[in-house]
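Structure record follows, encoded as structure tokens.
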Amino acid sequence: MGMFDFVKGVGKKLGFGGGDEAVPTADTLKKELDSHDLGTDNVEVVVKGDTAVLKGVVKDQSIFEKAVIAVGNTLGVSKVQADELQVATPEAGAPATPAKEPTFYTVKKGDNLWKIAEKSYGKGKGAKNNIIFEANKPMLTHPDKIYPGQVLRIPDLD
């Protein structure tokens, strides 16, 4: 666990030069990550080729997953390595732990959140699409604004 695949040629363009195939800088990716106010102030971003490496500690699993997709859904990034991104433990003084394996879904042509909810949670569970939308905020601003190649986090149903 720890290496996540994305579609390099799709995603949010951050205004870096060099054409569509250029990879954003670590500073540009860090600014994009911090712009979402996820609580990733102590997360370091390193770029190795077209791979973004995330290092540090985040408060919980949802922030871990949102950090991965916020960076990965950027034009020019094909992989996010998060082996060194850990989740803090609730007990004071306890060491941070590796994150659990998240569930991600890559949007396909013709998908909408209802269809994705049914694929992820089962037939007749399309109404759970709001859970997927909420789980991907603030990167998603509207339920209808998803695009092929975008990676979404799919939270467990409690």
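Derivation of every value follows stated rules applied to the coordinates shown; laboratory data play no part. The shown structure was predicted, so the numbers you read here are calculated from the model rather than taken from an experiment. Note that we place each Cβ from the backbone using ideal geometry, even for glycine, and neighbour counts take in every protein chain shown.
Taking the DSSP beta bridges in the chain as the whole, what percent of them are antiparallel, to the nearest 5? Let's see the in-between values first.
Details: 13 of 21 bridges.
The antiparallel proportion sits near 60 percent.
The candidate values were (1) 1.12; (2) 0.92; (3) 0.97; the one computed from these coordinates for Rg/Rh (Cα atoms, Kirkwood Rh) carries the label (3). Dipole magnitude for segment 3-98: about 200 debye, using +1 per Lys or Arg Cβ and -1 per Asp or Glu Cβ, origin at the Cα centre.
Quick one: net charge of THR74's neighbours, Cβ under 10 Å, K/R +1, D/E -1?
Local net charge: +2.
Rounded, prolate or oblate: which one fits segment 104-153, using the alpha carbon gyration tensor with axes a ≥ b ≥ c (rounded when a/c is under 1.5, else prolate when a/b beats b/c, else oblate)? The partial results should precede the final answer.
Numbers: a/c = 1.71, a/b = 1.24, b/c = 1.38.
Because a/c hits 1.5 or more and a/b fails to exceed b/c, segment 104-153 counts as oblate.
Amide H contacts of VAL47: ALA26, VAL53, each under 5 Å away and 5 or more positions distant or on a separate chain (H built 1.01 Å from N in the peptide plane; Pro and chain starts excluded).
Scanning the chain for trypsin sites (Lys or Arg not before Pro) in DSSP loops with at most 15 other Cβ atoms within 10 Å, what's the longest stretch left with none?
Values: sites that count: LYS13, LYS59, LYS100, LYS108, LYS109, LYS123, LYS125, LYS145.
That gives 14-58 as the longest site-free run.
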